[in-house]
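Participant: What follows is a single structure, and I will ask about it in a moment.
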Amino acid sequence: MSAPAHMSSRGWWPTALVILGGFAFAWLIMQQDLWASVLGQLFPGARSPVYPVPLVDLTLQHLALVGISSGLTILVGIPLGIWVTRASGRDFRDIVAAGVDFGQTFPPIAVLAIMMPILGFGLRPAVVALFLYGLFPVVSNTVAGLEAVPEALKDAARGMGMKRLQILGRVELPLAARIIMAGVRTSVIVNIGTATVAAAVGAGGLGDPIIGGIQVQNLAYVLEGALVAALLAILADMTLARAEELVTPRGLG
């Protein structure tokens, strides 16, 4: 008897590893005393080895910031990438490409500075900056994935009587899913690291101990925030890599 889809050659252990990693990360950020002990030994001269705000609170703020901005990026970026590969949007492809390129190359800290007088202090300017910064990989990978679908397969689908939306949903998107997910994965991982600068405008998150540590010259704070942000990025990468495998049609993985 053949194995179920979720127990195929891709195996169950990568999913188990992601779940285990998630529990380990959650346990680690709740161990405030452990962080105080380790950082106190690494930086014996520090007056306070751990940042006053609990790591759990900082991590949840960071996840909210990344989740909102990345969610918006995906909701806008994938349809935008689809549109410029259709007849109605091909004429705008160069404009869209230039726009997302500009969003990627324009420094997020500069976007924060520009948006603060318009949107105020806090979450909103940070979300805008991260949204713009994360668009490029999502849009470019969506375009690349759809354009990689062989024309012969689309012709065959037309020959079977499929309409344009059916071809997109049943042929193009499933075959392009892995490339699209790779763009989403890149965007989210980059956003996790970039979101640390959002603390400069009061958005909170794991950038708070980093910026606070720099201001008071406490390297223990800096290491605390940077290390947790790095671990969060690794966990997100593992999770999205697994999602990328699961959305890939069998035989293409």
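The values are calculated or read from the model by the stated rules, or taken from the named source; none is laboratory data. Please read all numbers here as calculations on a predicted model, not as lab measurements. In this analysis, Cβ positions are derived from the backbone assuming ideal geometry, glycine residues included, and neighbour counts consider all displayed protein chains.
Participant: Looking at (1) of a type in the set (S, T, N, Q); (2) surrounded by fewer than 18 Cβ atoms within 10 Å (Cβ to Cβ); (3) over 26 Å from Q61 (Cα atoms), which one does T105 not meet, given that it meets all the others?
Facilitator: All conditions pass for T105, except number (3).
Participant: One residue is enough: does region 153-169 have a residue meeting the conditions within 19 Å of D101 (Cβ to Cβ) and either part of a helix (DSSP H, G or I) or not hydroxyl-bearing (S, T, Y) (or both)?
Facilitator: no
Participant: Let me ask another. Any residue in region 112-129 that's at negative phi: show its pairings with residues that are outside any helix (DSSP H, G or I) and surrounded by 14 or more Cβ atoms within 10 Å (Cβ to Cβ) at Cβ separation under 7 Å, as long as the two are six or more apart or on different chains.
Facilitator: Cβ pairs passing all conditions: F121/G202; L123/A203; A126/A203.
Participant: Here is a follow-up. Return the residue satisfying two criteria in turn: it lies in region 191-224 and is among the β-branched types (V, I, T) and surrounded by fewer than 20 Cβ atoms within 10 Å (Cβ to Cβ), and of such residues it is farthest from the chain's Cα centre (by Cα).
Facilitator: Across region 191-224, the extreme among qualifying residues is V216.
Participant: When you check W27 against the structure, is it of a type in the set (F, W, Y) and without any contact (Cβ under 8 Å) to a residue 12 or more places away in the chain, yes or no?
Facilitator: yes
Participant: Answer yes or no as to whether I82 is farther than 23 Å from L223 by Cα, among the β-branched types (V, I, T) and surrounded by fewer than 18 Cβ atoms within 10 Å (Cβ to Cβ).
Facilitator: For I82, the condition - farther than 23 Å from L223 by Cα, among the β-branched types (V, I, T) and surrounded by fewer than 18 Cβ atoms within 10 Å (Cβ to Cβ) - is not met.
Participant: Considering only region 134-163, how many residues are within 24 Å of D91 (Cβ to Cβ) and touching a residue at least 24 places away in the same chain (Cβ under 8 Å)?
Facilitator: Residues in region 134-163 being within 24 Å of D91 (Cβ to Cβ) and touching a residue at least 24 places away in the same chain (Cβ under 8 Å): 15 in total.
Participant: Something else about it: Is one or more of the residues making up region 235-246 crowded, with 16+ Cβ neighbours inside 10 Å, modelled with pLDDT of 95 or more and of a type in the set (A, V, I, L, M, F, W, C)?
Facilitator: Checked region 235-246: at least one residue is crowded, with 16+ Cβ neighbours inside 10 Å, modelled with pLDDT of 95 or more and of a type in the set (A, V, I, L, M, F, W, C).
Participant: For the condition in contact with an Asp or Glu (Cβ under 6 Å, 6 or more places away or on another chain) and either assigned to a helix (DSSP H, G or I) or among the basic types (K, R) (or both), what is the one hit in L130, L146, L72, L63?
Facilitator: Exactly one of L130, L146, L72, L63 is in contact with an Asp or Glu (Cβ under 6 Å, 6 or more places away or on another chain) and either assigned to a helix (DSSP H, G or I) or among the basic types (K, R) (or both), namely L146.
Participant: When R242 is evaluated against the numbered criteria (1) in contact with a helix residue (DSSP H, G or I) (Cβ under 6 Å, 6 or more places away or on another chain); (2) closer than 25 Å to L132 by Cβ, which criterion, by number, is the only one it fails?
Facilitator: Among (1) in contact with a helix residue (DSSP H, G or I) (Cβ under 6 Å, 6 or more places away or on another chain); (2) closer than 25 Å to L132 by Cβ, the lone unmet condition for R242 is (2).
Participant: Pick from L58, L39: which is under 25 Å from V197 (Cα atoms), assigned to a helix (DSSP H, G or I) and under 22 Å from the mean Cα position of the chain (by Cα)?
Facilitator: From the options L58, L39, the qualifying one is L58.
Participant: Do we find that A110 is out of contact with any Lys or Arg (no Cβ under 6 Å at 6 or more places or on another chain), within 14 Å of V143 (Cα to Cα) and assigned to a helix (DSSP H, G or I) in this structure? Can you show your working first?
Facilitator: Values: out of contact with any Lys or Arg (no Cβ under 6 Å at 6 or more places or on another chain): yes; within 14 Å of V143 (Cα to Cα): no; assigned to a helix (DSSP H, G or I): yes.
For A110, the condition - out of contact with any Lys or Arg (no Cβ under 6 Å at 6 or more places or on another chain), within 14 Å of V143 (Cα to Cα) and assigned to a helix (DSSP H, G or I) - is not met.
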